[in-house]
Amino acid sequence: MIKTLSDSVRSYPVAPVLIALFVAFSLFSPYFMTSGNIEALLTANSVVLIASIGMTLVFLMGGIDLSISTVISVSAVTSGLVMAATGSVTLGALAALAVGLVFGLVNGLLIGVLGLTPFITTMATQLIARGIAFVLSKGIAVQGTPYSMIDFGFLTIAGIPAVTWVGLVVVGVCIVAMTQTDWGRRVMLIGSNRNAARYSGINVRFTEVSVYAVSGLLGGIAGFISIATLGNAIPGVGDTLLLIVIGAVVLGGTTMEGGDGSIARTVLGVALLAVLISGLNLMGIPFYDQLIIQGLLIFFGTWLSMKLSARRS
């Protein structure tokens with residue numbers, strides 16, 4: 001039993017820390033474990049969860065997608081404009097997915113086919129996406145969101161916000177894709193050893209394009225969901241999310257070198273940051289002090305992840 005517990009901690013190093021934070025914040029604040037706070041926590045972090053899953057897929061392949069945060073912004077703005085013009089939530093959703101997919105495909109083709117560096121390529125598309133979002137919106141929130149979309153942001157199913165259910169569906173689909181399909185095994189093999197993957201007959205280029213396309217698509221879903229959580233399409237909605245998304249993935253234990261990590265670990269990483277921010281807010285910790293604590297936690301999580309990854313190897 002001790003060995004099983006030890007293996008579980010090595011596989012999910014964030015879990016004990018998450019449990020400790022839950023207990024500590026529950027003792028410090030009587031409001032932490034209330035249904036209202038938990039519901040607000042889940043709603044506020046649905047966008048982060050979906051974007052983090054996309055980043056995890058890219059990390060597992062050994063890449064990075066710096067554009068995912070601003071793809072959220074431009075998808076939200078485009079979707080908001082379409083919904084304001086047509087009154088159709090369905091068309092708004094399709095617009096967000098299309099924009100996210102296009103940016104993902106562009107990243108994938110530039111990196112997988114032309115061989116450009118992932119860091120520079122996605123940084124460039126990040127700037128392009130941010131520029132388009134502000135040009136389309138003129139730098140202000142897009143008004144005219146249909147009431148049904150706003151109602152969706154307040155809807156709960158079985159006590160869980162509907163937007164969180166969307167994130168959980170994304171998590172479930174990606175877990176199945178990574179663990180039960182050849183595509184998932186190809187992604188992990190490329191992340192572990194790109195040359196070995198190529199020599200074993202895997203179409204590395206196609207797989208890279210597909211992973212970045214999925215990451216962009218998830219950015220589009222996150223952008224659409226952000227409208228429901230905020231009430232309007234905000235052009236800068238994703239600007240502050242990039243470091244949070246990367247921090248959540250790294251804290252969960254997925255390495256940036258590729259081939260080591262999982263969707264489940266990222267879910268725990270997102271939960272850890274969400275609980276930490278919620279608890280610190282309830283304790284009245286100033287915002288900039290919170291940033292210092294988050295930074296130290298990410299630093300520690302990265303160090304711990306590297307140590308455990310070395311042991312697993």
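The values are calculated or read from the model by the stated rules, or taken from the named source; none is laboratory data. On a predicted model such as this, the values are computed, not experimentally measured, just so you know. Please note: Cβ atoms are built from the backbone with ideal geometry, for glycine as well, and neighbour counts cover all protein chains shown. Ligands, DNA and RNA are excluded from the accessible area calculation, which covers all protein heavy atoms including side chains. Shrake-Rupley method; radii C 1.70, N 1.55, O 1.52, S 1.80 Å.
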Which of Leu304, Ile150, Gly279 sits closest to the plus end of the dipole of the chain, meaning its Cα is farthest towards the positive end, when Lys and Arg get +1 and Asp and Glu get -1 on the C-beta?
-> Leu304
Where a ≥ b ≥ c are root eigenvalues of the Cα gyration tensor, a/c under 1.5 meaning rounded, otherwise prolate if a/b exceeds b/c and oblate otherwise, region 181-313 counts as oblate
Skip the ligands, DNA and RNA, and give the accessible area per residue of region 23-180 with a 1.4 Å probe, whole Å².
-> 44 Å²
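With only Lys, Arg, Asp and Glu charged, each at its Cβ (+1 for the first two, -1 for the last two), find how big the charge dipole of region 155-313 is about the Cα centre; round to the nearest 20 debye.
Numbers: 9 positive and 6 negative charges, 114 e Å.
Magnitude of the dipole: close to 540 debye.
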Given a 1.4 Å probe and every protein chain left where it sits, what share in percent of the accessible area of region 1-133 is carbon and sulfur?
-> 77 percent
For the chain, modelled as a GNM with alpha-carbon contacts under 10 angstrom, which of Asn45, Asn203, Asn232 fluctuates the most?
-> Asn203
In a GNM of the chain with a 10 Å cut-off on Cα contacts, which of Ser278, Ser69, Ser29 has the highest mean-square fluctuation?
-> Ser29
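On average over all directions, what projected area in square nanometres does region 88-206 have, based on the convex hull of its Cα atoms? Numbers along the way, then the final one.
Numbers: hull surface 40.8 nm².
Seen from a random direction, the Cα hull of region 88-206 projects 10.2 nm² on average.
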If you place +1 on the Cβ of every Lys and Arg and -1 on the Cβ of every Asp and Glu, how big does the dipole about the Cα centre of the chain come out, in debye to the nearest 20?
-> 700 debye
May I ask for the distance between the Cα centers of region 130-184 and region 32-55, given as a whole number of Å?
-> 12 Å
At 10 °C in a medium of viscosity 1.306 mPa s, the chain has a Stokes-Einstein diffusion coefficient, with Rh taken as the Kirkwood radius over alpha carbon pairs, in µm² per second, of 80 µm²/s
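Any chance you could run the full-extension gain for Thr302 through Thr181? It's 0.36 nm times the residue separation minus the Cα-Cα distance, nm to one decimal.
Working: separation 121, 0.36 × 121 = 43.56 nm, distance 2.88 nm.
Here the segment from Thr302 to Thr181 would lengthen by 40.7 nm.
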CD proxy, 222 nm, the chain: helix-only mean residue ellipticity via -39,500 (n - 2.57) per DSSP H run with n ≥ 4, per residue, nearest 500, stands at -25000 deg cm²/dmol
Select from the chain the helices, each a whole stretch of DSSP H, whose alpha-carbon atoms run 24 Å or more along the helix axis and whose Kyte-Doolittle mean is at least 0.0; answer none if there are none.
-> 68-86, 89-108, 118-137, 162-180, 204-230, 263-282, 287-312
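Rounded to the nearest angstrom and ordered from largest down, what semi-axes does the equivalent ellipsoid of region 25-166 get from its C-alpha gyration tensor (root of 5λ)? Don't jump to the answer; show the numbers that get you there.
Working: eigenvalues 178, 100, 33 Å².
Equivalent ellipsoid of region 25-166: 30, 22, 13 Å, largest first.
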